[in-house]
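Enquirer: Have a look at this one before I ask anything.
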Amino acid sequence: MCMKRRSFLRSSAALVGAGMLGSGDSHADHIHPHSVHAASLMTECANRFLAALDAGQRGKATFAFDTDERMNWHFIPKERKGLPLREMRPYQKHLASALLAAGLSQTGYIKAVTIMSLEEVLRIIENDSGETRNPEKYYFSVFGTPSDSGTWGYRVEGHHLSQNYTVVNGKVVDGPSFFGANPAEVRQGPRKGLRTLAGEDDLGIELIHLLDEQQQKVAIVDPTAYKDILTAASRKAALQGQPSGLSGSKMNAMQFDALMTLMEEYARNVAAELAENRIARINEAGRNIYFAWSGGINRGDPHYYRVQTPLFLMELDDTQDDANHIHSVWRDVTGDFGQDLLQQHYEANHQ
């Protein structure tokens, strides 16, 4: 198996050439370059969406920025707070879709709406009434008052999808960012063969196969696949103990390029300016990156992998439903829910 590679290094060079990774920048700007366009687009989309709602709908969709609900995220099928698509009029759904798209790349948006559509596949497979498995049980929540210069955020969430964004003084950070797929591959019906998260899965399998026998012994931390991502729906991305698995410093050029390509698959799920923020994180980590695997390494085997650095964490598992059910997540160790930006903001205001 060999998937076509994109030039990750070209992206890094472009950042350096644009001065975004210049040595004169502060550590904070290294991590989160100004995303003025992204912030403005999100603000406009959020305000257009909210303006189209009636008072009752707006009451469901809006929350104070400092409410605990902002960090109450999950990816399981359950009732949520926020305004679901199924309670919107058609024109409101279009505006909600625009808000979702504002935080994602075209590729990420296609993944998101395909994930939503898989609820109909599950409804048929499970002979569900349409109440549990409903493609319109995806909830939109806005925290604070959207503006280019204020502090606010929004979330789009439902089964197997949770996209969280925080805007502070015109800077945008994303995370947690979760994509899941059940079925990972549709195996019956008119959509047979559909694989929503093929890139995330295939690139991980390709990387473990590129490692030699001794490297695999280090990378495979458990012969039995973990049953789920280890961070679950935690509010802070943290794993106990030291990073385990194979260090990027122990990989040859081809293997490290495959690791970079895997990370870029996750980075490119979000809007361009946010993706560059993620790539800046990747470049900052250098080779202080650990790749860990559990489970079998052949296609169809239950498996799990993670990419861990002091700055960010990626996890994927494909273990449930006979290894045909994917969970994947990008977590920023200090940036999820805008934690580092908010800390800088509060410190600056306090001073």
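Enquirer: Whole Å is fine, so just give me how far the alpha carbon centre of the stretch 54-121 lies from that of the stretch 152-218.
Expert: 18
Enquirer: Oh, and also: Can you return the aspartates and glutamates within cross-link range of LYS81? Criterion is Cα-Cα under 16 Å, with same-chain partners fewer than 8 residues away left out.
Expert: Qualifying aspartates and glutamates at Cα under 16 Å: ASP66, ASP68, GLU69, GLU136, GLU157.
Enquirer: Please identify the helices of the chain, taking whole runs of DSSP H, that span at least 27 Å along their own axis as judged from the Cα atoms and have a mean Kyte-Doolittle score of -1.0 or higher.
Expert: Both cut-offs are met by 106-126.
Enquirer: Could I ask something else about it? Percent antiparallel among DSSP beta bridges with both residues in the chain, to the nearest 5?
Expert: Here the antiparallel bridges make up roughly 95 percent for the chain.
Enquirer: Under the classification rounded if a/c is under 1.5, otherwise prolate if a/b is larger than b/c and oblate if not, where does the stretch 43-172 fall, given a ≥ b ≥ c as square roots of the Cα gyration tensor eigenvalues?
Expert: It comes out prolate by the Cα gyration axes.
Enquirer: Is the shape of the chain best called rounded, prolate or oblate, per the rule: a/c under 1.5 gives rounded, else a/b larger than b/c gives prolate, else oblate, with a ≥ b ≥ c the square roots of the Cα gyration tensor eigenvalues?
Expert: Oblate, because a/c is 1.5 or more while a/b does not exceed b/c.
Enquirer: Something else now. Please order MET71, MET263, MET116 by the number of other Cβ within 10 Å, starting at the fewest.
Expert: If I rank by nearby Cβ atoms, fewest first, I get MET71, MET116, MET263.
Enquirer: Now a separate question. If r is the Cβ-Cβ distance from GLN214 to ARG299 and R0 is 25 Å, what FRET efficiency results, to the nearest 0.05?
Expert: For GLN214 and ARG299, the calculated efficiency is 0.65.
Enquirer: Something else: Most mobile of ASN134, ASN72, ASN324 per a Gaussian network model of the chain (Cα springs, under 10 Å)?
Expert: Among ASN134, ASN72, ASN324, the largest mean-square fluctuation in the Gaussian network model of the chain belongs to ASN72.
Enquirer: GluC sites (Glu not before Pro) within the stretch 36-105: which are DSSP loop residues with at most 13 other Cβ atoms inside 10 Å?
Expert: For GluC sites (Glu not before Pro) across the stretch 36-105 that sit outside H, G, I, E and B with at most 13 neighbouring Cβ atoms in 10 Å, the list reads GLU79.
Enquirer: Still on this structure, I have one more. On a 21 Å Cα-Cα criterion, which of the cross-link pairs LYS60/LYS93; LYS192/LYS227; LYS137/LYS227; LYS93/LYS137; LYS93/LYS171; LYS111/LYS192 come out too long?
Expert: In this structure, LYS192/LYS227; LYS137/LYS227; LYS93/LYS171 exceed 21 Å between Cα atoms.
Enquirer: Which value in nm describes the separation of the simple spin-label points at ILE125 and ARG58, placed 7 Å from the Cα toward the beta carbon?
Expert: If labels sit at ILE125 and ARG58, their model points lie 4.1 nm apart.
Enquirer: Classify the stretch 231-351 as rounded, prolate or oblate from the Cα gyration tensor: take a ≥ b ≥ c as the square roots of its eigenvalues, call it rounded if a/c is under 1.5, otherwise prolate when a/b beats b/c and oblate if not.
Expert: Verdict is prolate for the stretch 231-351.
Enquirer: Using a simple spin-label model with points 7 Å from Cα along the Cα→Cβ vector, what separation in nm is obtained for THR132 and ALA272?
Expert: It works out to 4.3 nm between the two label points.
Computed from the coordinates by the stated procedures, all read-outs in this text should not be read as laboratory data. Values in this document were obtained by computation on a predicted structure and should not be read as measured data. Don't worry about glycine lacking a Cβ; one is built from the backbone with ideal geometry, like all the others, and counts go over all protein chains shown.
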